[in-house]
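A quick write-up on the structure given underneath.
The values are calculated or read from the model by the stated rules, or taken from the named source; none is laboratory data. Model, not experiment: these values are computed from the prediction. Quick reminder, even Gly has a Cβ in these numbers, built from the backbone with ideal geometry, and neighbours come from all protein chains shown. These accessible areas exclude ligands, DNA and RNA; they are computed on the full protein's heavy atoms, side chains included. Shrake-Rupley method; radii C 1.70, N 1.55, O 1.52, S 1.80 Å.
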Amino acid sequence: MGQRPATPRELAHVLRACRHLCVLTGAGMSAESGIPTFRAAQTGLWERYDPLELATPEAFARDPELVWRWYSWRRELVAAATPNPGHFALARLACLLPRLTLITQNVDGLHQKAGSRTVIEFHGNLFANRCSVEGRLVEDDVVIENGIPCCPRCGARLRPGVVWFGEAIPPAALAAAADAAADCDLFLSIGTSALVWPAAGLAESTRAAGARVAEINPAETGLSAACDFRLAGNSGEVLPELVNCLS
Ligand code: OAD
């Protein structure tokens with residue numbers, strides 16, 4: 001079946017027979033919470049920086065203080081953000097279906113704030129700190145040296161607990177997401193440009209398993225042509241409508 005425009009009512013009809021729904025969200029999910037999407041222009045002080053040049057191990061090695069200033073700015077931005085109706089609708093949807101696996105590329109923690117209990121954080125979490133030498137997550141109080149947090153155990157610089165460009169996805173997250181994409185009977189991609197792998201490839205394993213793919217996005221993406229259902233719209237509007245049709 002080729003891509004065809006669908007309505008929330010039609011997708012709700014499909015969801016009623018759904019045994020396992022696998023959802024992948026991207027930055028568009030948080031756009032209506034005021035967090036700029038990854039490929040939207042950066043604002044203010046950071047306008048001249050391209051995230052692709054800051055969110056890399058090379059940038060951190062070259063100028064850790066600059067990278068920490070950027071992440072501190074993003075942490076402030078995200079800490080002030082609240083979940084939007086789309087986040088709350090997804091949390092509600094999990095209660096209406098037999099099984100929903102939520103995979104997010106976002107690092108803002110808004111799904112959890114909206115009440116989603118099990119969230120596969122494919123690209124880590126903005127507020128986590130990891131030791132740059134030991135690799136472990138560090139939750140204790142950190143020592144700040146020249147504006148850079150350091151590991152209380154070994155003294156090495158800490159880094160934000162997010163996946164940088166060129167880095168591997170946390171193995172547990174990758175395995176859980178791949179299993180869910182292959183097992184589900186519907187894959188729903190929401191608010192992602194479907195450009196960054198391996199997240200962008202998850203829908204393919206759903207299709208390879210003979211299951212269907214749906215997308216919620218105001219714009220076309222690399223996934224749109226392969227979708228069985230495409231709902232053109234903002235997730236903060238479409239998802240609550242979808243949940244209303246199901247309730
Ligand atoms: P992008 O900025 O690439 O894409 C955001 C998508 O959201 C676009 O397709 C928009 O059309 C869509 N969008 C915008 N507003 C929306 C709304 N209100 N409702 C629904 N969709 C909306 O962000 P991502 O696809 O998430 O990876 O980017 C994927 C990854 O690229 C990020 O996780 C990050 C980046 O490299 C890492 O940091 C490793």
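Worth pointing out:
- Accessible surface calculations at 1.4 Å, restricted to protein heavy atoms, place the chain at 46 Å² per residue.
- Across the options Leu158, Ile169, Leu52, the greatest Cα extent toward the positive end of the charge dipole of the chain (unit charges at beta carbon of Lys, Arg, Asp, Glu) belongs to Ile169.
- Shown for the chain: the carbon plus sulfur share of the solvent-accessible area, taken with all protein chains present and a 1.4 angstrom probe, equals 54%.
- Between helix 235-246 and the chain there is an angle of about 40 degrees, using the helix long axis and the longest principal axis of the Cα atoms.
- Cα-only radius of gyration and Dmax that characterise segment 110-247, units Å: 18.5, 54
- Here the 3J(HN,Hα) profile of segment 12-22, calculated from phi with Karplus coefficients 6.51, -1.76 and 1.60 at θ = phi - 60°, is 4, 4, 5, 5, 4, 9, 7, 7, 8, 9, 10 Hz, Gly and Pro shown as x.
- Ellipsoid semi-axes for the chain, based on the Cα gyration tensor and the rule √(5λ), read 34, 18, 17 Å when sorted largest first.
- Annotation: extensible slack from Ala81 through Ala232 equals 51.9 nm (criterion: 0.36 nm per residue apart, minus Cα-Cα distance).
- MRE, 222 nm, helices only [DSSP H, n ≥ 4, -39500 (n - 2.57), over the chain, to nearest 500]: -10000 deg cm²/dmol
- Note on Val142 and Ala61: the extension gain reaches 27.2 nm, defined as 0.36 nm multiplied by sequence separation minus the Cα-Cα distance.
- Angle of helix 171-183 to the longest C-alpha principal axis of the chain, folded into 0 to 90 degrees and rounded to 10: 10°.
- Alpha-carbon centroids, segment 104-154 and segment 230-247: separation in whole Å: 31
- Reported value for segment 126-184: 105 Å³ per residue, from the convex hull of its C-alpha atoms.
- Fraction of beta bridges assigned by DSSP in the chain that are antiparallel (%, nearest 5): 30
- Segment 158-208 and segment 76-92 have Cα centres spaced 21 Å apart.
- Put simply, the amide H of Leu100, placed in the peptide plane, has neighbours under 5 Å in Leu21, leaving out anything fewer than 5 places away on its chain.
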